[in-house]
Structures are given as structure tokens and as C-alpha cells.
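One structure below.
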Amino acid sequence: MVPVSFAQDEFALTSANALYWPKEQALLVADLHLEKASFYAGHGQMLPPYDSRETLDRLARAIRETGARRVFTLGDNFHDDGGARRLEPYAAGMLRALTLSTDWIWITGNHDSELTEGDKLGGAVVDSLETGGIHLRHQAQEGEKRPEISGHYHPRLHVTLRNRPVRKPCLVHGSGSAERLILPAFGALTGGMNAADPAIVQAMQPADTIMAMLHAKGKLLHFPLWKRAT
């Protein structure tokens, strides 16, 4: 894990792109997109049906690595509103074990806006949450002036190093009237958007600077994405 300073607090980024918040003993992950493969299979595009198992196994390892007592999932937990009901028994058992062993909060997203506690997943379901002075939601809210952590955009750093293109999931950090953070997608079967995409820059306004932060070989690397003209 590498340390990350945010909103006058200390966090740690795992190699699997989960964010640990020691003060709250909480693990934050975004965009699990569970049951994405089964969604595509239902529409005629056959993919190996093991993405949920892989994602949940990675999540279990992150919980063990950090010792987290709480888990906050920042929306698009399932790829669609029917995903929770399609979980095969093995993956459902994995998920149930995780939600029983931690204080688990599901924050809903645009893909799973109808997720409810009635889906019998364990944990609580909310639209957004404020805890420890930080607002947690699925999608960054343009104009937000409170510290905020979100997901939704699946940011990836797009750079060229030594004449080779690099595409890596990254954090996006905005500083200005308030610090804000977008987490990369955690799910095993998720793509990504260029962290410098205008949609991300717009969502982070008002900001003075926007930076990509990348976990690499035990270090946190910083790459400037945008700066307000002076």
C-alpha cells in the first residue's frame, strides 16, 4: 500500500486500487460491476462467467490486507439492476461472507439505482453518505465544495513513457475550494476513460488543479492533468 493524503486526512492505496481510510477503518471501492459477463451473455455476447468471483476474491484480499472493519462501495456495484439476482451460488456465498464480516454500505450508482436491501446481499443500501467530514457518492457532483470521494468514470492514465503507450487505472485528485477524489474501477471486467477526458475535468469543477495519481512499484506517482489558467 502507498500513502495518500486527502482532505487533511491520511489514506492508503492498495495495489488493487482499493482505498483504505485508517481513521474510519474503512475500505472504499468503486464500480465493481458484478455480473457484467452474465449481462452480456443474456444479450448474446458470451464471456467467461467468472468476473464476479474474481472481483470478490480481490476484494476479500484487500480487506485482509488492510484489516478493514467497514466497506463502502461507491456505486455501479452490479452491472444492471438484475445482477444481484443472477449471482451464482458460489459468488453469492463469497459476497454474503464479506457483508457478514464487515460493516458494509452499498452506495448505488446509475447501473444499479434500484438495488435494495431486499436483494438479500447483506449490508445497508444508500444513495450517498457523509462520514468523517467527507461526502461519498457514485458520481462527482459538479460545483461540490465539500470534500468528496466518488467513482463512475473508471479513470485511466494515458501517457507515453519511453515511446511506449501506458494505460493504467488511476486516482483523479482535484484541489481548489475543496479537495475531491475519483477512484478507478475495481471490477475485474471494467474498461476505463482517459483521466484527462473533458467529462472528468468538468465534473471536478471548481478546481484549481487536477492530478492523476498512480500506484507503481510501492510509490504514488503524480501526473498533472489540468490547471486553471491564471
Legend entry - Number of the condition not met by His158 [criteria: (1) in a strand (DSSP E or B); (2) modelled with pLDDT of 95 or more]: (2)
Inset, instruction - Give me a count of the residues in the stretch 133-169 that are surrounded by fewer than 14 Cβ atoms within 10 Å (Cβ to Cβ) and in contact (Cβ under 8 Å) with a residue 24 or more places away in the chain. - result: 5
Legend entry - Qualifying positions in the stretch 66-84 - over 20 Å from Thr102 (Cβ atoms) and in a helix (DSSP H, G or I): Gly83
Inset, instruction - Taking His173 as the residue in question, decide whether it is part of a loop (DSSP other than H, G, I, E, B), surrounded by 15 or more Cβ atoms within 10 Å (Cβ to Cβ), modelled with pLDDT of 95 or more and not hydrophobic (A, V, I, L, M, F, W, C). - result: no
Inset, instruction - State yes or no: is Gln139 at pLDDT 95 or above, more than 22 Å from Glu10 (Cβ to Cβ) and within 18 Å of the chain's Cα centre (by Cα)? - result: yes
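One line per residue, one yes/no per condition, for (1) over 12 Å from Leu121 (Cβ atoms); (2) modelled with pLDDT of 95 or more; (3) surrounded by fewer than 16 Cβ atoms within 10 Å (Cβ to Cβ); (4) touching a His at 6+ places or on another chain (Cβ under 9 Å):
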residue: Gln25; (1), (2), (3), (4): yes, yes, yes, no
residue: Val29; (1), (2), (3), (4): yes, yes, no, no
residue: Asp51; (1), (2), (3), (4): yes, no, no, yes
residue: Thr73; (1), (2), (3), (4): no, yes, no, no
residue: Asp81; (1), (2), (3), (4): yes, no, yes, yes
residue: Ile105; (1), (2), (3), (4): no, yes, no, no
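State whether one or more residues within the stretch 109-127 are of a type in the set (S, T, N, Q) and closer than 24 Å to Pro22 by Cα. Walk me through it before giving the result.
Taking the stretch 109-127 first, the residues of a type in the set (S, T, N, Q) are 110, 113, 116.
Then drop every residue that is not closer than 24 Å to Pro22 by Cα, which leaves none.
No, the stretch 109-127 contains no residue that is of a type in the set (S, T, N, Q) and closer than 24 Å to Pro22 by Cα.
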Inset, instruction - Scan the stretch 194-225 for residues that are part of a strand (DSSP E or B), under 21 Å from Asn17 (Cβ atoms), without any contact (Cβ under 8 Å) to a residue 60 or more places away in the chain and more than 19 Å from the chain's Cα centre (by Cα) and jot them down. - result: Pro224, Leu225
Legend entry - Some residue of the stretch 102-112 being more than 20 Å from Ser177 (Cα to Cα) and more than 16 Å from the chain's Cα centre (by Cα): yes
Legend entry - Residues within the stretch 90-124 that are in a loop (DSSP other than H, G, I, E, B), in contact (Cβ under 8 Å) with a residue 24 or more places away in the chain and at negative phi, tallied: 10
Inset, instruction - Within the stretch 132-179, track down each residue that is among the charged types (D, E, K, R) and either on the phi < 0 side of the Ramachandran plot or in contact with a Lys or Arg (Cβ under 8 Å, 6 or more places away or on another chain) (or both). - result: Arg137, Glu142, Glu144, Lys145, Arg146, Glu148, Arg156, Arg164, Arg167, Lys168, Glu179
Inset, instruction - Report yes if some residue within the stretch 200-221 is within 19 Å of Gln8 (Cα to Cα) and polar (S, T, N, Q); otherwise report no. - result: yes
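The values are calculated or read from the model by the stated rules, or taken from the named source; none is laboratory data. In this text, all values refer to a predicted model and were calculated from it rather than measured experimentally. For neighbour counting, all protein chains shown are included, and Cβ atoms are generated from backbone atoms with ideal geometry for every residue, glycine included.
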